[in-house]
Amino acid sequence: MSSLVLGGLKMIDQFINFVIRPPRAEYDPDQYLWEKDFSIGGTKCKRQDLELTNSRGHTLRCSHYIPSSSLENTTPLPCVIYCHGNSGCRADANEAAMVLLPSNITVFTLDFSGSGLSDGDYVSLGWHEKDDLKTVVSYLRNSNQVSRIGLWGRSMGAVTSLLYGAEDPSIAGMVLDSAFSNLFDLMMELVDVYKIRLPKFTVKVAVQYMRRVIQKKAKFNIMDLNCLKVSPKTFIPALFGHASGDKFIQPHHSDHILKCYAGDKNIIKFDGDHNSSRPQFYYDSVLIFFYNVLRLKFLQLAHLNLKVIAAGLDENFLYEIISGLRSACVDVASSSSSAPPASLTTKPTNELISEAVPIMNTDDLLVADNDHNIDEPEGVPIDQFEEGCSFTSSNRESWGRCSSLGGSEEDESLAACPGDQVEKSDVGNTEQKPIEPTRQEEEERKEKKMKKGVETDAKKPKRERLEAFGRRIRLGIIKRVNHGRHRSLQP
């Protein structure tokens, strides 16, 4: 009997160390982090290493990834703080940097106390880590280098983000990947998963023992670490993610948090387990989520004078814009080539844009939209929107009508857009009368129109498709701006 008790206590001690003192990541920053100067998708970036001190006097090793252009431009950029999981370190943020940096979103990451190269002997699965996160947020806000701040956490980092978000409602948004709802329930599940043999009658005694030991070593109460208590009081927009095959933190944990979460919320589930790589569509959703919550003024489409307002647009509409643009451009390109059009696949937003845009000349794609007046706000010019986003008339006009994609002569453009035609004789001299053409000139003009009519008819379906797409963008954004304006005026 005594040997059974001793064996059980030994296994409990191993389980306690598994929770508060997991294997520590030891690494060389110059080998496992991004280089001091590097490029991602054509964007030149820098890594700035720094040290911060938390409220318990522990030194935190941190890194801040920023676009090199921001060093010359004093305009603050939005920042996402990446929070690693148990046994993790700041090297886990490498993928987040790849997703966010090309969109001018800076990425800050750290080794939590007790993890990686930072000071501290134990981890607390989010309890003390939220104070480390508070130290980082305070530093960023005092630096005046960042505007809005978002959080992206995985496993322990997701719990840390949620606990801190309940205390700081100014956080713009949170991505919570594989968060657990309740530490006590998680520990009981892990006993079964890892087949720790404990007699049924000793479970309560073992729990009390683990509670006392963890309280003494790591200075926190496992019964207090409960995300279900803070979720109903947290209103920050949140995107949850969880692998359907996760056996370590099972998917129902995210489901429980989602059910009682008070703020705007959404969840994405995908194949894989707790430590598997996340699929590309998940990263795409994360990028679009941060576009919305960080309220970027516009999404710049590379090599294109078209600006898609991201603030106020939902993820589905933004994807319709990107996919529709690529689809329309592929149709135009495939009409002059025998190769079949490329299939639409789920790719990063910046890749979708870069693939769609270079196919055709933007000067031929976008011309003024003078004959499509679609529900413009009364008393407010269409080139002035909320959130401080203002556009010149040329940018506003680029929303609309597309040309015939091939005709550059003046008479062809006038024939394609009869509503935009202006009698030039009325500009210079109002009394001047047009000279009537001779019969021979009329016949020559008719022949030219017939030839050009054949070319225009061949391009008409493509032009109509692009025109419809342009009107859809214009109408969708105006409706969303009007909706946001009317909602803000309500008492």
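The values are calculated or read from the model by the stated rules, or taken from the named source; none is laboratory data. These numbers come from a predicted model, not from an experiment. Positions of Cβ are backbone-derived with ideal geometry, glycine not excepted, and every protein chain shown enters the neighbour counts. Accessible surface is based on the protein model in full, side chains and every heavy atom, while ligands, DNA and RNA are left aside. Shrake-Rupley method; radii C 1.70, N 1.55, O 1.52, S 1.80 Å.
The residue list Val107, Leu60, Gly85 was ranked by how far each Cα lies along the charge dipole of region 1-121 toward its positive end, using unit charges on Cβ atoms, and Gly85 comes out on top.
Quick one: pull the percent of accessible area on region 25-76 belonging to carbon and sulfur, 1.4 Å probe, ligands and nucleic acids left out.
The C+S portion of the solvent-accessible surface of region 25-76 is 44 percent.
Distance between the pseudo-spin-label points of Phe270 and Asp185 (7 Å out from Cα toward the beta carbon): 2.5 nm. Take the Cα of Lys448, step 7 Å toward its Cβ, do the same at Glu35, and the gap between the two points is 5.8 nm. Each other residue within a Cβ distance under 13 Å of Thr106 adds +1 if Lys or Arg and -1 if Asp or Glu, for a net charge of +3. Legend: calculated FRET efficiency, Leu52 to Val213, from the Cβ-Cβ distance at R0 = 25 Å, rounded to 0.05, equals 0.25.
Using the Cβ of Val136 as centre and a radius below 13 Å, the other residues enclosed give a net charge of -1, where K and R count +1 and D and E count -1. Full extension of the segment from Asn144 to Ser170, taken as 0.36 nm per residue of separation minus the current Cα-Cα distance, would add 7.8 nm. Pairs over the 31 Å Cα-Cα cut-off, from the set Lys217/Lys247; Lys134/Lys269; Lys36/Lys259; Lys233/Lys269; Lys204/Lys259: Lys36/Lys259.
Per residue, the solvent-accessible area of region 64-149 (1.4 Å probe, heavy atoms of protein chains only, all protein chains present) comes to 34 Å². Computed on region 1-116, with alpha-carbon pairs under 8 angstrom and 6+ residues apart, the relative contact order is 26 percent.
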